[in-house]
Amino acid sequence: MNILKVFKDGILDENPTFKLVLGMCPTLAVTTSATNAIGMGLATTFVLIMSNVIISLIKDLIPSKVRIPAYIVVIATFVTLVQFVMAGFLPALNKSLGIFIPLIVVNCIIMGRAEAFAGKHNVILSFFDGLGMGIGFTLALTLIGGIREILGSNKLFGYLFFPHNYKPMLFFVLSPGGFFTMAILLAFFNWLSMKKKEA
Amino acid sequence: MKDTIRFVLTLVIVTIISGLVLSFVYLKVKGKIEVQKKANIENAIKFVFEDISKKEETNDQENDIHYWKCFNKNNELLGYAILCKKGGFSSTIQIIAGVKKEGIITRIKVVFQQETPGLGAKMNQIRSNKFIWDFITGKKREKLKPIPYFQEQFFGKKYAGLTVVKHKPDKDNEIEALTGATISSKAILNGLKEGITKVMEKEGLK
Amino acid sequence: MEISKLLLIMVSAIFVNNFVLSRFLGICPYLGVSRKFDSALGMGMAVTFVMTIASFITWIIQIILNHFGLSDILQTIAFILTIAALVQFIEMYLKKALPELYKALGIFLPLITTNCAILGVTLLNITQHYNLLESVVFGFSAGIGFTLALLMMASIRERLELAKVPKVFQGTAIALIIAALMSLSFMGFSGLIGE
C-alpha cells in the first residue's frame, strides 16, 4: 500500500459520499449553500485526520473489547475542539451549521475509517487516508451545495450567478431538493463507473 | 475480573486525558468565545441605536423581560433596546428591537434564528447585485446597504398597529410576509409586539 | 396551556419537522434498514425507546454540567457516552428480563449509538430550552416520526422489488428519489402549526 494510492482512493475510487454513501445526514442538511458545505467539509476533515492519527497511535494500547467507546471519546474530543474554534472565531458559520457541528461525532465516515483503516494501519498511512477521505467528502459536499445554491437561490458563495431574470427554483434549497440532487448525482456517478467498467 | 479492571482503567485514562486537553484549550479560547457570545447582542444594540454611548441593563428572568435603557453622550434617553423571543417554524427567533418611548421602532435586528433555509431564513437576506462573474470581468457595481430587506420594513414604524400581509403593502402599517414563510414572519411581528408591550408596561409608558 | 404545548411539540416533531424528512437526522438507518417492513418496525421501536430514555437522562446531565460550568467543554462527550452506555444497559437488561423483546430489537441496538437522530434529539432539547417533560415528549415524538418515515419507506421499497428500476438508479439512488417525494408531500403538513 502506498501513500499516493491511499490518498487518491479517498477522493475518487472510495469517495465517502458517492461511492461508500456514508455520512448522509450532514451531506444533505448543510448543503443549502456552497459556503456551508465547505465549512462542514473542512471541519469534518480536521476531525477525520486527527482521530485517524491518534487512533492508529493508541490502537495497541486499547483492549479490543472497549475500543469503540475509547474511539468515541477520541473523536468527541476533536469535535469539541472544532466547536471551540467555530464559537470563538467563526460565529456566522457556527450559527448556520448549528447542531450539525456536535453531530460530527456520529458521522459514520469517521467511526468507519477508525474501524476499517486507522485501527489496522500505521500513522502515516492513516494520516493520508484521513486527508484523502476528508478532501473527497469536502469536494462532494461543495458540489452538492454549489448545485443546490445555484438552482435554488441563483447564487454561488453568496454572489449572483445567472442574470436577474432567472427565477430560482426554491425546491432545490428545501429538503426534498436535497434528497433529489443527491439521488441524481449518485445515479450519475453510478453511470460513470459502469461506463468505466465496460471500457 | 482482571480484564474488567483493565477495560475500565483504559476508558478512564482515555477520558481523563481528553478532559485535560479540552480544559487546557478551553481556558485559552474562553475569552474569545465569551466576547463572541456577547458581541452578537452588543452589535445589535449599537445597530438599533447608532448614537448610543451608555446603557443600563434590566434582566427580569421571572417575567422573561430583558432590555437595555440606552442613552446618548449627553445622557439623554434614546429609548429601549429590547430582546424579544418567539417560537417560529422550527426554532425560537430572537430579535433586538430599538424602541423610542413614544412606541416607534427605530430599527430591529434578528440575533438568533434557525428557520428553514430558503423560506424563513430569508429574514436575514440582503439584496445583492454582485455577480460571481464580476471577479473575472472586474466590473464594479454600486454598493447596496447591508440591511435585510424584510427587517427594514419595520424601521421607523409604530409597533402597535402593525400587521403582516401577503401582498405588496399599500398602507403604512403593513409588513409584507416572506414568500412561503408566513409563520416565521408572523412570529417576528408577534414576538416584537409581546416583548415591546411588556417593557412599555414595566416602564409605565402605557 | 401545558397540554396544548405538548401536543404542538408532538405534531411538530412527527409531521411538520419530521426528523428524517425535514431535519435530515437518522438518514443512515433510513436508507440502510428500510428494505424489509419487519426490520424497519424493529429499528423504529428500538430508536423510539432509546430516544425517550436518552432525552430524560441527558436533560438531567445537562443540569449537572451547567451547575459546574462545564457544559461548553463536556457536553458532546458526556452526551455521546451516555447514549452509548444506555444502549449497552438496555441491551443487557432486555437480554435477561425480556428475551422476547430482545429477540425483536436486539440486533438493532448496537447500530443505535451512532444514529445521529439520537444525539440530535438530545442536543435539540437543550437548544430549544425544553423542560424535562417537554424533552421526554419531544424525544418520544421524534422517535415516532422516525418510525413513521421508516415504515413508509420500507413498504414502498418492498413493492419496488417488483418494479423495473433503471440500472444506474438501483439501490440508494432510487431510495433517495422516494425520500424526495415523501419529503415533498410532508411539506404539506407545514400548515398544521402556526398562528
Let me know the Rg and Dmax you get for the range A:3-193 when you use only its Cα atoms, in Å.
17.4, 63
To the nearest 100 Å², how much accessible surface do chains A and B cover up together, summed over both, with a 1.4 Å probe?
2700 Å²
Gaussian network model of chain B, springs between alpha carbon atoms under 10 Å - residue of B:Glu102, B:Glu142, B:Glu174 with greatest fluctuation
B:Glu142
Sorted by chain and number, the residues with a modelled amide H under 5 Å from that of B:Tyr159, at a separation of 5 or more or across chains, are B:Ile105
Alpha-carbon spread of the range B:121-206, three principal axes, descending order, Å
58, 27, 23
P(r) of the protein assembly as shown over all Cα-Cα pairs, binned every 20 Å from zero, in whole percent:
18, 52, 27, 3, 0
Given the whole protein assembly as supplied and a 1.4 Å probe, what does the accessible area of B:Thr4 come to in Å², nearest 10?
70 Å²
Buried by at least 20 Å² relative to the chain on its own: which residues of the range C:118-145 qualify, computing accessible area with a 1.4 Å probe on protein heavy atoms?
C:Leu119, C:Leu123, C:Leu124, C:Thr127, C:Gln128
Grab the DSSP H runs of chain B that are 4 residues or longer, score each as -39,500 (n - 2.57), total them, divide by all residues and round the 222 nm result to the nearest 500 deg cm²/dmol.
-12500 deg cm²/dmol
At a 1.4 Å probe, what is the % contribution of carbon and sulfur to the accessible area of chain B?
55 percent
What list of ³J(HN,Hα) values in whole Hz, one per residue of the range B:9-18 in order, does the Karplus curve 6.51 cos²θ - 1.76 cosθ + 1.60 (θ = phi - 60°) give from phi, with Gly and Pro shown as x?
4, 4, 5, 4, 5, 4, 5, 5, 4, 5
P(r) weight above 32 Å for chain C, C-alpha pairs, percent:
19 percent
For chain B, taking Cα atoms only, what is the radius of gyration to one decimal and the Dmax to the nearest whole Å?
22.9, 80
For the range A:1-80, projected area of the alpha-carbon convex hull averaged over all directions, nm²
6.6 nm²
Portion, in percent, of the accessible area of the range A:3-193 that falls on carbon or sulfur, probe 1.4 Å
73 percent
Go through the range A:18-27 residue by residue and turn each phi into a ³J(HN,Hα) via Karplus (6.51, -1.76, 1.60, θ = phi - 60°); whole Hz please, and just put x for glycine and proline.
8, 9, 8, 6, 10, x, 5, 4, x, 4
How large is the accessible surface per residue of the range B:2-202, computed with a 1.4 Å probe and reported in Å² as a whole number?
57 Å²
At 1.4 Å probe size, what's the solvent-accessible area of C:Leu105? Round to the nearest 10 Å².
10 Å²
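The values are calculated or read from the model by the stated rules, or taken from the named source; none is laboratory data. From a predicted model like this one, the values you see are computed outputs, not experimental measurements. To get the accessible areas, we keep the full protein, side chains included, count just its heavy atoms, and leave off ligands, DNA and RNA. Shrake-Rupley method; radii C 1.70, N 1.55, O 1.52, S 1.80 Å.
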